[in-house]
Amino acid sequence: MAALLEIKELRTYIRQRKGEVRAVDGVSLYIEEGETLGLVGESGCGKTMTGMSIMQLLPPGGYIAGGSVQIAGKELVGLPDRELRKVRGNDVAVIFQDPMTSLNPTMTLGNQIAEMVRIHRDVSKKEALDRASEVLGLVGMPNPRERLKDYPHQLSGGLRQRVMIAMALSCDPKLLIADEPTTALDVTIQLQILELLYDLKQRLRMAVLLITHDMGVIAGRADRVNVMYAGKIVEAAPTGDLFESMRHPYTEALLASIPRLDQRTDVPLYSIPGLPPDLSHPPTWCRFQPRCQYATAQCREAEPELTGDTPEHQYACFNPVGRVRSPSQAAPVR
Amino acid sequence: MTTTAPTEAAANTTPPPSEFLEVRHLVKEFPVTAGAVLQRRIGSVKAVSDVSITISRGETFGLVGESGCGKTTIGRVVVGLERPTSGEIIFEGQDIAKLRGREFRRRRRDLQLMFQDPYASLDPRMRVGSIIREPLTVQKIGNDKERDSRVSQLLQEVGLSPKAADLYPHEFSGGQRQRIGLARALALNPKLIVADEPVSALDVSIRSQVLNLMNNLQETHGLTYLVISHDLSVVKYLSDRIGVMYLGKLVELAPSNVIYDKPAHPYTLGLIHAIPEPDPKRERAKEIQPIFGELPSALNPPSGCRFRTRCPRAQEICAQEEPPLRAFGPNHLAACHFPLQPVLAGSAA
């Protein structure tokens, strides 16, 4: 079973004046060909840094302190920049959260997409522009030919995100990293973009790493889900299993604290007390322990490893949630 | 507090003063200008066009809609940050849109705003204590000592330590900052708090803390909330009644469980369907009928029904005639020619 993407014990740190932040602290995950993996967690949990570590597009001070990232068996960590550039945009493409700031405002859409095609493919300007209009059509842009001469400011947020997706698709990537692709969009447009991504994934047999904070977005689109907390993966499972029989208390608490449309409004929402730990000095025991309602003395002694009854469903917890307990029965904290 | 010279119109239309807040035929236009220097006026955007809502004392009213639908503008007009182009804002029997000067400032004590962005809405160079004290200073309430004790009392009410008063906003997390914003809004003992996207900028686990706090404070202080959000699940959790807006118009108004169980307007149904639910089975079983297309320009809204360009049920009449609000049940209004629910007999408003 050769996975398309295989990350092992990845550690990505960010050097700052006050010390080092361990944004990603020993993450292992894999994505099979044509599969959608959801990576979910709250801000600062390291989900974006994990995605960006694959492409090695790290912020100033960020570096990979250890571990390995392999795409189709090829090791990316330690690869010289010249070699990496062949991978970025070609084997792996990214779409970012904010379509308003990710496009170059001074270039036409056609030139932006064609530029990318010509970096990776030996084609003429005209062929590259043809490819640009082809991918724009693929993402459902009306009149793609005419749109080539438009500038980003002439488009709405939803259409700009379509352009970002078109650009990402232009070189037939094997893996698409979608980092909060719909967070900046209105709900009706969000649905359109999610449907589009799902449809493209099916048609192009592309693997997708869907990074989001929204459990709802994950629920309908991902084949498997990895939940991150404080730089570590705390639970990994097929989507159905995760929602029905979550084992990690953090996953349970996260799901219980989302107001649902059919929620009873007279019962207080479950809320997780406290805050995530400071990742410049992470604790050496369970990172969720101070906020966990099931924590015992053991949880302050050692850090739980990812284990589980099956290789598909893994969790890092000494006192996992039982299968029968549902989130609504969890005792509200305040 | 009687107004000395009530205008003719006000005298004719003032109803029994039972309603706490009444927004009547509110219109707010913003000018659109061109040119760097001359700023010629080339048109206007009707951010809110002819919206009427009433809010009762102690209730939570939710306004929901997508960007540009005018929900935030309504909130700003209600607290007096914007003047309406036309229409009335009757608060406890008094049209606050017509108040000026000292009277206006006095009235504003009762109406406070809680902002969306906990990072941008607190002055980074002021200590938390001064931020919460400022409304008291501006309104000249109490002396220094009384203000200090009020600040620590407020901090405790929103679940922070009184020691927080000596710290700066950057020392707090997003959820804690939103608590500080809430403490500031509570400082003047307001009757109505307009909460504009109160939890949108917060993480899920922190979000529920703030939502629960808002509910608790409502009970202990007898507050009335106007909650504004793009997120129907948040609005539904907090609100008793919900108004759905689209391009400056109120398209549906109903008790919050009715909005979810029996939406009458196709846009409301589309919004409900568009919300991704954290439940894979339901999410995958959904018969999705996504709202297609993009939001039309507010500068030049579609004729007739504004939603018709994206509506799966639209027919010819929708382009010609603007649908009136009709009743579909008790407290349930919607503006649609081809609604999803039967119209209540004898209703044409």
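A few comments on the model shown:
- On inspection, A:R221 qualifies as at pLDDT below 90, within 11 Å of chain B (Cβ to nearest Cβ) and over 30 Å from B:T60 (Cβ atoms).
- When B:S18 is tested against (1) at pLDDT 90 or above; (2) under 22 Å from B:L223 (Cβ atoms); (3) of a type in the set (S, T, N, Q), only condition (1) is not met.
- Selection status of B:F30, at pLDDT 75 or above, aromatic (F, W, Y), within 25 Å of the chain's Cα centre (by Cα) and over 30 Å from B:S297 (Cα atoms): no
- Odd one out for B:G174 among (1) small (G, A, S); (2) at pLDDT below 90; (3) surrounded by fewer than 16 Cβ atoms within 10 Å (Cβ to Cβ): (3)
- Filtered residues of segment A:272-295 (kept if in contact with a helix residue (DSSP H, G or I) (Cβ under 6 Å, 6 or more places away or on another chain) and within 7 Å of chain B (Cβ to nearest Cβ)): A:I272
- Complete set of residues in segment B:97-122 that are surrounded by 18 or more Cβ atoms within 10 Å (Cβ to Cβ), among the aliphatic types (A, V, I, L, M) and not in a helix (DSSP H, G or I): B:L99, B:L111, B:L113, B:M114, B:L122
- Search result, residues across segment A:167-212 that are in a loop (DSSP other than H, G, I, E, B) and within 14 Å of another protein chain (Cβ to nearest Cβ): A:E180, A:P181, A:T182, A:T183, A:A184, A:L185, A:D186
- B:N331 meets each of the listed conditions (1) more than 11 Å from chain A (Cβ to nearest Cβ); (2) within 22 Å of the chain's Cα centre (by Cα); (3) crowded, with 18+ Cβ neighbours inside 10 Å apart from (3).
- Those residues of segment B:123-162 which are part of a loop (DSSP other than H, G, I, E, B) and among the hydroxyl-bearing types (S, T, Y), in sequence order: B:S161
- Condition check for A:L279: outside any helix (DSSP H, G or I) and under 21 Å from the mean Cα position of the chain (by Cα): yes
- Screening segment B:271-301 for residues that are touching a residue at least 40 places away in the same chain (Cβ under 8 Å) and not β-branched (V, I, T) and picking the one that is surrounded by the most Cβ atoms within 10 Å (Cβ to Cβ) gives B:L271.
Okay, residues lined up against (1) among the charged types (D, E, K, R); (2) facing chain B (nearest Cβ under 9 Å); (3) part of a loop (DSSP other than H, G, I, E, B):
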site	(1), (2), (3)
A:V225	no, no, no
A:L242	no, yes, no
A:L255	no, yes, no
A:R260	yes, yes, yes
A:Y270	no, yes, yes
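- Hits in segment B:166-186 - residues which are of a type in the set (A, V, I, L, M, F, W, C) and touching an Asp or Glu at 6+ places or on another chain (Cβ under 8 Å): B:A183, B:L186
- All strands (runs of 3 or more DSSP E) inside segment B:178-250 with 1 or more residues being within 14 Å of another protein chain (Cβ to nearest Cβ) and touching a residue at least 12 places away in the same chain (Cβ under 8 Å): B:224-229, B:241-246
- Condition check for A:G158: of a type in the set (G, A, S), modelled with pLDDT under 90 and either crowded, with 24+ Cβ neighbours inside 10 Å or in a loop (DSSP other than H, G, I, E, B) (or both): no
- Scan of segment A:116-140 for residues that are touching a residue at least 12 places away in the same chain (Cβ under 8 Å) and part of a helix (DSSP H, G or I), ordered by number: A:M116, A:V117, A:I119, A:H120, A:A128, A:L129, A:R131, A:A132, A:S133, A:V135, A:L136, A:L138
- Residues within segment A:227-240 that are in a loop (DSSP other than H, G, I, E, B) and free of Cβ contacts under 8 Å to residues at least 60 places away in the same chain, tallied: 0
- All conditions in (1) facing chain A (nearest Cβ under 7 Å); (2) aromatic (F, W, Y); (3) under 29 Å from A:Y198 (Cα atoms) hold for B:F307, with the sole exception of (1).
The values are calculated or read from the model by the stated rules, or taken from the named source; none is laboratory data. Treat the numbers as computed from the prediction; the structure is a model and nothing was measured. Backbone-built Cβ (ideal geometry, glycine too); neighbour counts: all protein chains shown.
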